Amino acid sequence: MSEKFEVTNDYKFGFKTPEHYHFKGGVGLTKEVVEEISRMKEEPQWMLEFRLRALEVFQSKPMPQWGLDLSQIEFDKIHYYVRATDRTNDSWDDVPQDIRDTFDKLGIPEAERKFLAGMGAQFESEVVYHNLKEKWTELGVVFLDTDTALKKYPEMFRKYFATIVPPEDNKFAALNSAVWSGGTFIYVPPGVKVDIPLQAYFRINAESMGQFERTLIVADEGADIHYVEGCTAPIYAKHSLHAAVVEIVALKGARIQYTTVQNWSSNVYNLVTKRAVAHEDATMIWVDGNLGSYKTMKYPSVYMVGKGARADILSLALASTNQEQDAGGKVIHAAPNTTSTITSKSVSLNGGRASYRGLVKIHKNATGSKTNVQCDALILDDHSISDTYPYIEVENSDSYVEHEASVSKVSEEQLFYLASRGIPEEEARSMIVSGFVDAIVRELPMEYAVEMNRLIELQMEGSVG
Amino acid sequence: MNYNLPSTQDELWRRTRPDRFDPNQSMTSSVVGDLRIDTSPSKGVHVLPLADARAHFPLLLKQSSVQEIPNFARLIEERGNEGVFVFVEPGAGNGEEVRIRFDLSLTQGSHGALRNFVVVSPDTRVRLVETVEDPGGEQAFASTRVLVGRGAKLEYLRSWNLNRKAYWHSGIHLNEGATAQVTTFARGSGISKIEEVAELAGDGADLDELFVDEAKGRFHIDAGMTVRHLAPNTRSRLKVRGVVRDKGYSLHHGNIKVIREAPGSDTYFSSRHLLLSRKGRADVIPKLEIDIDDVKAGHGATVGSVDPEAIFYLMSRGLTKEDSEGLYVEGFLTELFQRFPEMEGESRREG
């Protein structure tokens, strides 16, 4: 059991297409690079000023002193801007051949082939393919890459942009604010319910290239939307940095679900700030699956600022050899009668380290609020690590907080039972892990649930020595 | 000696600023308070002031198995000259009760640093009752080291009434098969920072701890309990019960670590807070760091108020609202009173 699971180069998605870039900025981060990015994108003056201010914040903030060790990130050796094609495409035929080849090799799930028409596929730092279903256009749904949205809807964009995650929030949010490129912008008008999940596929494909996408989703009063992002990335020798910012606004009575299946290759630093604000009676659901990456630090959060708002966070982390998954969630109750749940499942195997880090905060005025946190960890061998860091802060006596955590291993009884049914040990372990994470996986759209189970099996291969 | 004293950058000191305490001041006072030994122990059980212990048991005082002493506590230990020394000789100690009482009234308006040692020899049993009475003053510091020998049993009951800025440290080291049942009732006013480190260093060591605090007025209590499972088959149970009134603030850190060399360990941290006022605050940070698969580890935490249905029931039986709530709180603290019956009156007086 203690035998080490070898990392081989035949990682499922470990291929790369020859780099063929329209524009690739130099390495390193300077004022000139930021100005160049803004100039290339023909941005308004306020955005340039915003970026420069963010750059100053980034340079003045120290690296975080908590969580994972990030000291190996070499900010000077990263490309801060790469553009694959010089414009976004309206139809699939316009997408360059080598980029299409990559998507083919990736085996884009059926879900995406089917709804390709409504998909924003991000290749490199920008969305290269964009097509909105006619139906949604009629309903007034805006589904664009963030750069285009800034051009086409400048006022709406400015109204919400950086209001949820300001550059001053943390060092990596500042970095993103300075050099952001690409990402998704969604606006759903009042009362509109989008019944098919909107999806985007992300990839990083240039060595030492950071990806700094910026996503902004606004659901107007009573609107309903489910957004799905999934990531796979090829393996590279040098460490890559992914520092995204996701901002979500759920106005009165809106419901937003944001689902992530993260499977970055094992050299990527995944440092993402995801935050939502839920107004009166709004519901925000984060489903966050973390399978890949070298080091992940990600805590989707919900600020419940309107009475009756609700937040659900479902977090899954699977850490194998050389991986550290520091995941979790934060719920901030800042209005009366708000409710929230956090469900976290983490699995560590083959020497990996999985952590839950979370915050529950009940402010003074959040009377009648309720929250329940459940975090479970499964450790599959004697050299893997599982940590739990929950923070509970309650300033209101008329509320109720529950927190429960457990750490366990696959028991001999479970394996014995499955063995008695003729199931070999490796398969049995895989089944037990699948059962353990089921509470999260069943919240995924079916195609993703299938993919998730496949990814877990892949991770588990060779874990029985 | 210079130690890197904590700053607010340190995770354990983020909510109680270390610069509120000035350990250098504790040098200025040589009189800590009135130390009373309310007990006449049997043969082989020694209870004496630290100064006397230096003459009688110099070697024992040098021996300390506790590995992880916070720097702040180390400083207190260097400065502290007064305190008590409890030593249960091998072959002695058959469950006797030893009572010690610290009356801090002599240090009113001044500062003090206490330093205590408890050594329980292998295969002995003792019950230690420690009372700290404090009418108020500037600041007080204490560091207590406890060593429980192989197969020994310690029952340790602590009643702390802390009415000034107080830093209280205890380091508990358990050897193979040793058992410690620790019960603490803390209340008072002012700012209290409690740091406890328990090391389960021998196979089968067992720690069972109940920590109760009543935070009222502006009482600020920040209690950190670190449990390190360093040997196989060790077991720990930490229970925290907090009652918060007025502008009280009760904060509990639980830091539980199970290292790779401690398979078969079993740990659970349970924390419950009753928040009885609009301006009170309760925080819980129950951390787990687990480096091996063969463990049972978990924690549970709740923060809530009195159950309105229970109050309604009691009032329907003719009790007033205040009495009903009092009874509810008493019920909440049942386990404290079972373990430490004298505290029942204390709690009533406080509430």
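The values are calculated or read from the model by the stated rules, or taken from the named source; none is laboratory data. Given the structure is predicted, the values throughout are model-derived calculations rather than measurements. Using ideal geometry, Cβ is built from the backbone for each residue, glycine included, and neighbour counts are taken over all protein chains shown.
Listing for the model above:
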{"item": "Per-region count, region B:182-206, residues within 11 Å of the chain's Cα centre (by Cα) and either in contact (Cβ under 8 Å) with a residue 60 or more places away in the chain or assigned to a loop (DSSP other than H, G, I, E, B) (or both)", "result": "5"}
{"item": "Qualifying residue in region A:385-402 (condition: over 30 Å from A:R310 (Cβ atoms) and modelled with pLDDT of 90 or more)", "result": "yes"}
{"item": "Number of the condition not met by B:S265 [criteria: (1) farther than 23 Å from B:E176 by Cβ; (2) more than 9 Å from chain A (Cβ to nearest Cβ); (3) hydroxyl-bearing (S, T, Y); (4) crowded, with 24+ Cβ neighbours inside 10 Å]", "result": "(1)"}
{"item": "Residue that is nearest to A:S386 (Cα to Cα) [pool: residues in region A:402-451 that are β-branched (V, I, T) and away from every other protein chain (no Cβ under 14 Å)]", "result": "A:V437"}
{"item": "Within region A:7-112, helices (runs of 4 or more DSSP H) holding 1 or more residues that are at pLDDT 90 or above, of a type in the set (A, V, I, L, M) and out of contact with any strand residue (DSSP E or B) (no Cβ under 8 Å at 6 or more places or on another chain)", "result": "A:31-40, A:45-60"}
{"item": "Residues of region A:304-336 classified as crowded, with 20+ Cβ neighbours inside 10 Å and among the polar types (S, T, N, Q), total", "result": "4"}
{"item": "Qualifying residue in region A:436-447 (condition: part of a helix (DSSP H, G or I), within 21 Å of the chain's Cα centre (by Cα), over 23 Å from A:I342 (Cα atoms) and among the acidic types (D, E))", "result": "yes"}
{"item": "Complete set of residues in region A:44-62 that are over 17 Å from A:G28 (Cα atoms) and among the aliphatic types (A, V, I, L, M)", "result": "A:M47, A:L48"}
{"item": "Qualifying residues in region B:316-348 (those that are under 25 Å from B:K279 (Cα atoms) and surrounded by fewer than 16 Cβ atoms within 10 Å (Cβ to Cβ)) - the one farthest from the other protein chains (Cβ to nearest Cβ)", "result": "B:R348"}
{"item": "Subset of region B:75-121 that is at pLDDT 85 or above and of a type in the set (S, T, N, Q) - its residue that is farthest from the chain's Cα centre (by Cα)", "result": "B:S121"}
{"item": "Residue that is nearest to B:A262 (Cα to Cα), among those in region B:295-315 that are within 13 Å of chain A (Cβ to nearest Cβ) and among the hydroxyl-bearing types (S, T, Y)", "result": "B:T302"}
{"item": "Selection from region B:125-150 of residues that are modelled with pLDDT of 90 or more and outside any strand (DSSP E or B)", "result": "B:G149, B:R150"}
{"item": "Residue tally, condition of a type in the set (S, T, N, Q), without any contact (Cβ under 8 Å) to a residue 60 or more places away in the chain and over 19 Å from A:V450 (Cα atoms), over region A:258-278", "result": "2"}
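To keep it simple, each residue is scored yes or no on (1) assigned to a strand (DSSP E or B); (2) within 25 Å of the chain's Cα centre (by Cα); (3) among the small types (G, A, S).
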site: A:Y356; (1), (2), (3): yes, yes, no
site: A:N372; (1), (2), (3): yes, yes, no
site: A:D382; (1), (2), (3): no, no, no
site: A:S408; (1), (2), (3): yes, no, yes
site: A:A419; (1), (2), (3): no, no, yes
site: A:I423; (1), (2), (3): no, no, no
